[in-house]
Amino acid sequence: MLSDVAEVPHLLFVDDEPALRAVMAQRLAERGFEVVEADSGERALQLLDQFAFDVIVTDLRMPGLDGSRVIEAARERYPGIVAIVITGYGTVKDAVDAIKRGASDFVAKPFQFDELLHVLQKALEQRRLRSENAYLRSQLEERYQFGGILGRSRPMQTLFQLLETVAAASSTILVTGETGTGKEVVARAIHQHSPRHMHRFIAVNCSAIPETLLEAELFGHVRGAFTGAVGTRQGRFEQAHRGTLFLDEVGTMSAALQMKLLRVLQEREFERVGESHTTKVDVRVVAATNSDLRRMVDDGQFREDLYYRLNVIPVHIPPLRERKEDIPLLVQHFLDKFAPGPPPDSAAAKAGAAPAARPSLTVSQEAMRRLMAYHWPGNVRQLENAIERAVAFSAGRSHIDVVDLPAEVQLVPEAVVPASVTLPEEGMDLGAYMGNIERELIQLSLERTGGNKGQAARLLNLNRTTLVEKLKRLAR
Ligand SMILES: Nc1ncnc2c1ncn2[C@@H]1O[C@H](COP(=O)(O)OP(=O)(O)OP(=O)(O)O)[C@@H](O)[C@H]1O
Ligand SMILES: [Mg+2]
């Protein structure tokens, strides 16, 4: 019931009516709350002094200190406390007043227990999302990044260490990874952390420039070197002198250019197109590719000697689906980018206006589960686009929901939460154990699909025939 609240919430129930208080306290306890009762506002303040409650539920009208004063005091002490007020008949104005003083929500008398429970759960969920957000944001600011590359997963942390070490040297680096994994961000971070950062970072996308022009682009040309070469022009290598040259999509270079590139890497010198004079440069090359260069070498499409010259330090960025722990962090980063919350000292806040400023946007847990279950063939770039789109679709709401996500992400079945497993002291029969789990999941999928084997197989990401075989085997 309160499954998504990690610990038992401690609740302070304040009401001067003993009968109502006792009934509510008991029912809340049945629902997993740890309840302490107070019969007056004064008593509530004493208890608040001694204990950091998660939740306070208080009647509004009480002899002595009234409920909204109690809430104000509670929020002053514990800004994160969830505060709910119980109001009397038709006293909406009082409820509004209490909310201004920091209450999260209210229930009006007479109320059913379920109403109160619903309001409580909603408020707790909101608080959880808020604190999760604050937590993620603090992680963003701290250690989970390297020069603008975010990542908390083990492979990314290892990558950061590697980058830290290799950035200082001038060795050539080959960055590999699927499309959208962040090869360019990595190249820039290397430059930023290197002693070359005062000089230029020049990026050339080898696949975006027509073959015939790439040589002149890289090495420059003199006037009249070819049709259209009206003046003398510096190439990218010269522009990157003492800095870093990022050669993107290096796998698409022609054989002739591969030869020339090899020479620059070996000799650190080249000739401009149409010139015999040799130019010397000091450039660090970071190359990137999303094709399998090793395979291209084997297939005779890429020079082996050049491959080794480029691959002095290999840096591989794993696809996003292999580091799902990074998804919440990246999502938060893109939310901040596309839906920045109001600055804390915005004009509205200064003018003391009602807290109308738009709260920062969050992602519902269900939407986050989908985001984490999807396989992201376009990696971080695709995730970035999905969040940008979701921000637009969620206009006016405080949450991004499943419906705001791209269709292919919505459709992915939620990942199964792995049950916590333990290995008994005396050992176990793994086959039988796995068989039981398999049987249970197959049964659940058949129940959900009304016995339709095709649909059930899809729910489990199996072929229909595999499912049928499993059914036969499990029936034995
Ligand atoms: N770890 C990361 N942290 C933050 N942003 C990232 C990260 N990885 C990628 N991005 C963002 O994702 C987008 C794609 O990254 P980038 O252009 O570096 O990918 P790529 O590997 O060069 O892709 P391609 O092979 O398609 O050129 C960029 O907007 C980049 O800022
Ligand atoms: Mg790129």
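Read the figures in this text as sums done on the coordinates, not as results from a lab. If you're wondering where the values come from, they're calculated on a predicted model, not measured in any experiment. Glycine gets a Cβ as well: all are built from the backbone with ideal geometry, and neighbour counts include every protein chain shown.
Go through the stretch 219-315 and name the chymotrypsin sites (Phe, Trp or Tyr not before Pro) that are in a DSSP coil and have 13 or fewer other Cβ atoms within 10 Å of their Cβ. Answer in residue order: PHE226.
A Stokes-Einstein calculation at 20 °C with viscosity 1.002 mPa s, built on the Kirkwood radius of the stretch 24-96 over Cα pairs, returns a diffusion coefficient of 168 µm²/s.
Which chymotrypsin sites (Phe, Trp or Tyr not before Pro) in the stretch 1-74 pass both tests, a DSSP loop state and at most 12 other beta-carbon atoms within 10 Å? Counting only loop positions with at most 12 other Cβ atoms within 10 Å, the chymotrypsin sites (Phe, Trp or Tyr not before Pro) in the stretch 1-74 are PHE51.
When only the Cβ of Lys, Arg, Asp and Glu is charged (+1, +1, -1, -1), the dipole of the stretch 39-170 relative to its Cα centre reaches about 320 debye. Indicate, rounded to the nearest 5 percent, the antiparallel portion of the DSSP beta bridges found entirely in the chain. Restricted to the chain, the bridges split so that about 15 percent are antiparallel.
Each of LEU261, SER276, ILE209 was placed along the dipole of the stretch 204-282 (beta-carbon charges, centred on the mean Cα), and the one lying farthest toward the positive end is SER276. Sparsely packed loop sites in the stretch 102-190 (the trypsin sites (Lys or Arg not before Pro) outside DSSP H, G, I, E and B with at most 12 other Cβ atoms within 10 Å) comprise ARG143. Among LYS183/LYS324; LYS183/LYS280; LYS93/LYS122; LYS183/LYS337, which pairs are too far apart, with a Cα-Cα distance over 24 Å? Violating the 24 Å limit, Cα to Cα: LYS183/LYS280.
Summing Cβ point charges (Lys, Arg +1; Asp, Glu -1) relative to the Cα centre of the stretch 156-228 gives a dipole of roughly 260 debye. In terms of its alpha-carbon gyration tensor, the stretch 57-123 comes out oblate; a/c meets the 1.5 threshold, while b/c is at least as large as a/b.
What you get for the chain, charging only the Cβ of Lys and Arg (+1) and of Asp and Glu (-1), is a dipole of about 1380 debye around the Cα centre. Place +1 on the Cβ of every Lys and Arg and -1 on the Cβ of every Asp and Glu in the stretch 1-107, take the dipole about the Cα centre, and give the residue among ALA25, ALA95, GLY41 whose Cα lies farthest towards its positive end. The residue sitting most towards the positive pole is ALA95.
Measuring nothing but how far apart in sequence close Cα pairs (under 8 Å, 6+ apart) lie, relative to its length, the chain scores a relative contact order of 11 percent. Using θ = phi - 60° in the Karplus curve 6.51 cos²θ - 1.76 cosθ + 1.60, the 3J(HN,Hα) couplings for the stretch 454-461 round to x, 5, 4, 4, 4, 4, 9, 6 Hz; x is entered for Gly and Pro. Ignoring lysines fewer than eight residues from LYS453 along the same chain, the ones with Cα atoms less than 27 angstrom from its Cα are LYS470, LYS472.
Overall, the anisotropy analysis places the stretch 179-335 in the prolate class: the square-rooted eigenvalues a ≥ b ≥ c of its C-alpha gyration tensor yield a/c not less than 1.5, with a/b exceeding b/c.
A compact globular protein would have a Cα radius of gyration near 2.2 N^0.38 Å; the ratio found for the chain is 1.36.
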